[in-house]
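Bear in mind these aren't lab numbers, they're just calculated from the coordinates by the rules spelled out. This structure is a prediction, so every number in the text was calculated from the model and none was measured. Positions of Cβ are backbone-derived with ideal geometry, glycine not excepted, and every protein chain shown enters the neighbour counts.
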Amino acid sequence: MKHAAPITSLAINVSDDILYSASLDRTVKVWRISDLKCIETIQAHREPINAIVVADDGVLYTASDDATVRVWRRNFCSGDRPHSLTVTLPAKYSPVKTLTLTADGGFLYGGCTDGYVHYWLKGWFSGQLQYGGALQGHTHAVLCLATAASYVVSGSADSSCRVWVRDPEGQHKCLAVLSGHRGPIRCVAAFVAAGGTGNEEVDDGCTICTGSLDGVLKVWRVKCASSTGRGTLQNNCEYFELA
């Protein structure tokens with residue numbers, strides 16, 4: 001039951017005892033964790049699949065070189081095809097290399113080979129995803145994405161990361177460009193530590209880890225100055241060389 005080509009991405013749905021694997025063979029396989037059996041093979045795209053993510057509600061998102069993101073729902077009453085395609089989201093004719101979701105599932109981001117980060121948001125009333133726009137700035141393919149609170153981090157083959165912040169209206173602004181790596185950025189991770197006293201919570205900035213093909217891991221600190229809306233960098237020279 002193995003894939004016929006390299007596996008590119010994994011996603012897990014612990015509550016449903018499910019592990020998803022995506023491959024360059026254009027399929028997604030569904031594995032039952034309890035007995036390690038493949039229970040379904042989804043013929044998901046016409047071209048290789050590069051990334052998958054699963055939301056807390058069990059909705060599966062797949063991204064492909066066919067320049068689309070597809071949304072799948074699990075149908076517990078269906079025997080032959082437990083997962084069904086609900087919608088196909090076009091990504092402006094550019095292969096989608098990476099995906100990330102916000103914690104509440106309200107925003108979906110896709111990084112593409114044209115250097116754009118396209119995003120979709122759920123409608124207030126329908127709950128359906130609708131196209132929101134594109135974040136522009138990278139000159140090469142976007143290879144990795146991460147979200148933390150209202151921050152979005154994109155890593156690119158242009159050897160830089162960009163940090164975006166999303167306001168309550170859903171508009172995005174580039175806070176900072178993280179430059180210093182000597183190779184494409186292949187993976188990013190981000191988290192936000194909120195501080196404050198009493199009932200007042202203060203955004204204490206975003207900590208970002210970037211991993212590059214140059215063999216270096218760098219740790220960055222970005223803060224949003226509320227008065228100017230601009231980002232400030234701290235400890236941007238701190239890094240660890242990987243063995």
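The spacing between region 163-190 and region 108-122, judged by their C-alpha centroids, is 13 Å. Between residue 182 and residue 140, full extension at 0.36 nm per residue minus the direct alpha carbon distance yields a gain of 13.7 nm.
For residue 90, what is the net charge nearby, where nearby means another residue's Cβ is under 12 Å from its Cβ and Lys, Arg count +1, Asp, Glu -1?
Once all neighbours under 12 Å are counted, the net charge is +1.
Using C-alpha pairs under 8 Å with a sequence gap of at least 6, the mean separation divided by the residue count of the chain gives a relative contact order of 9 percent. Of the trypsin sites (Lys or Arg not before Pro) found in region 5-103, the ones in coil according to DSSP and having at most 13 other Cβ atoms within 10 Å of their Cβ are 46, 92. The length gained on full extension between residue 4 and residue 149, counted as 0.36 nm times the residue separation minus their Cα-Cα distance, comes to 48.5 nm. The alpha carbon centroids of region 29-84 and region 4-25 are separated by 8 Å. From the P(r) of region 1-136, can you give the percent of Cα pairs sitting at distances over 20 Å? More than 20 Å apart: 42 percent of the Cα pairs in region 1-136. Each other residue within a Cβ distance under 12 Å of residue 121 adds +1 if Lys or Arg and -1 if Asp or Glu, for a net charge of 0.
Across region 1-136, the relative contact order, built from alpha-carbon pairs under 8 Å that are at least six residues apart, equals 14 percent. Just the number, please: Stokes-Einstein D of region 1-72 in µm²/s, Kirkwood Rh from C-alpha pairs, 10 °C, 1.306 mPa s. My calculation gives 133 µm²/s for D.
Packing order of peptides 2-14, 150-162, highest average first: 150-162, 2-14 (average count of other Cβ atoms within 10 Å over each peptide's residues).
Counting beta carbons within 10 Å around each of 191, 76, 107 and listing the fewest first gives the order 76, 191, 107. For the chain, a simple Cβ point-charge model (Lys and Arg +1, Asp and Glu -1, everything else neutral) yields a dipole of about 500 debye relative to the Cα centre. Ranked for footprinting exposure by Cβ neighbours inside 10 Å, fewest first, 47, 40 give 47, 40.
Can you give the net charge of the other residues whose Cβ lies under 13 Å from the Cβ of residue 104, counting K and R as +1 and D and E as -1?
0
Potential lengthening of the chain between residue 36 and residue 171 amounts to 44.3 nm, from the contour at 0.36 nm per residue minus the alpha-carbon distance. Projecting the Cα atoms of 76, 130, 87 onto the dipole axis of region 1-136, where Lys and Arg carry +1 and Asp and Glu carry -1 at the beta carbon, places 87 farthest toward the positive end.
Taking +1 at the Cβ of each Lys and Arg and -1 at the Cβ of each Asp and Glu, which of 139, 180, 149 sits farthest along the dipole of the chain towards its positive end, judged by Cα position relative to the Cα centre? Looking along the dipole axis, the top candidate is 139. Highest GNM mean-square fluctuation among 103, 22, 148, for the chain modelled with Cα contacts below 10 Å: 103. Does the chain come out rounded, prolate or oblate, given a ≥ b ≥ c as the square roots of the eigenvalues of its C-alpha gyration tensor, rounded meaning a/c under 1.5 and, failing that, prolate meaning a/b above b/c? Verdict is prolate for the chain.
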